[in-house]
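The values are calculated or read from the model by the stated rules, or taken from the named source; none is laboratory data. Just so it is clear, the structure is predicted and the values come from calculations on it, not from any experiment. Methodologically, a virtual Cβ is constructed for each residue, glycine included, from the backbone with ideal geometry; neighbour enumeration extends over all protein chains shown. When the accessible area is computed, the model is the full protein with side chains, heavy atoms only, and any ligands, DNA or RNA have been set aside. Shrake-Rupley method; radii C 1.70, N 1.55, O 1.52, S 1.80 Å.
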Amino acid sequence: MSLEQIITILDKNEEVGKNEAASAVQINIANVKLRKDGIGEIPEEFGELLKKYNGLSCNGNVIFGVDTGTMFFPDLVVVNSHILKDEETSCIILGQDEQNFLVYDYEPKKYRIIDQEDFEEKVSTDDLAYAVAWILKI
């Protein structure tokens, strides 16, 4: 599924909460803050999704945004800085459901769904749209 296809699905789904688009400046500032904390940058494709929706939610499951201005759509920088700062990791956390994190792993260049407690991998994919749909349960 392409990014355009998931955007079409999200646009039509009234159950999904959608935050307004992030600007390129907001994304660049977030990347600077992430690098400062030793965390990798926002993947380019995910950045394109943020330029359409700066955060998504569905039944308590969320895709993070940047500098969202609301607790309804958690800030990707704050979450990652809290959880990953000073950790030896090749991942960035992009969203979560009640049991799992959606992460992007830079080394294999894959989106992964991992358990929040034991970090066991449940899904690994190249497809951001699939990973977003999986986390949001749509």
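How much accessible surface area, in Å² rounded to 10, belongs to the heavy atoms of residue 35 with a 1.4 Å probe?
120 Å²
Count the lysine pairs in the chain whose Cα atoms lie under 13 Å apart, taking only pairs 8 or more positions apart in sequence or on different chains.
Values: 18/51; 18/52; 33/85; 36/85; 110/122.
Taking the chain as the scope, the lysine pair count is 5.
Give me the percent of the accessible area of segment 81-138 that comes from carbon and sulfur atoms, probe 1.4 Å, all protein chains in place. Walk me through the numbers on the way to the answer.
On the way: 1360 of 3240 Å².
Result for segment 81-138: 42 percent of the exposed heavy-atom area is carbon or sulfur.
As a check on your grasp of the helix formula, calculate [θ] at 222 nm for the chain: sum -39500 (n - 2.57) over DSSP H runs of n ≥ 4, divide by the residue count, round to the nearest 500. Let's see the in-between values first.
Values: 5 runs with 48 residues, N = 138.
Rounded to the nearest 500, the figure is -10000 deg cm²/dmol.
Where the centroid of each part is defined by its Cα atoms, how far is segment 25-49 from segment 51-66 in Å?
So the two Cα centres are separated by 16 Å.
Can you send over the solvent-accessible area of residue 119, 1.4 Å probe, protein chains only, in Å² to the nearest 10?
120 Å²
To the nearest 20 debye, what charge dipole does the chain have about its Cα centre, counting +1 at the Cβ of each Lys and Arg and -1 at the Cβ of each Asp and Glu? Intermediate results must be reported in sequence, preceding the final value.
On the way: 13 positive and 26 negative charges, 89 e Å.
Computed charge dipole of the chain: roughly 420 debye.
Got a sec to turn the phi values of segment 65-70 into Karplus ³J(HN,Hα) couplings, 6.51 cos²θ - 1.76 cosθ + 1.60 with θ = phi - 60°, whole Hz, x for Gly and Pro?
x, 10, 6, 6, x, 8
Using the Cα atoms as the points, what is the convex hull volume per residue of segment 1-135 in Å³?
Working: hull volume 13.3 nm³, N = 135.
Spread over its residues, the Cα hull of segment 1-135 gives 98 Å³ apiece.
Per residue, how large is the accessible surface of the chain? Use a 1.4 angstrom probe and give square angstrom. Please report the intermediate quantities before stating the final value.
On the way: 7460 Å² over 138 residues.
Value for the chain: 54 Å² per residue.
Over segment 1-61, what percent of the accessible surface lies on carbon and sulfur atoms, probe 1.4 Å?
Answer for segment 1-61 is 47 percent, counting heavy atoms of protein chains only.
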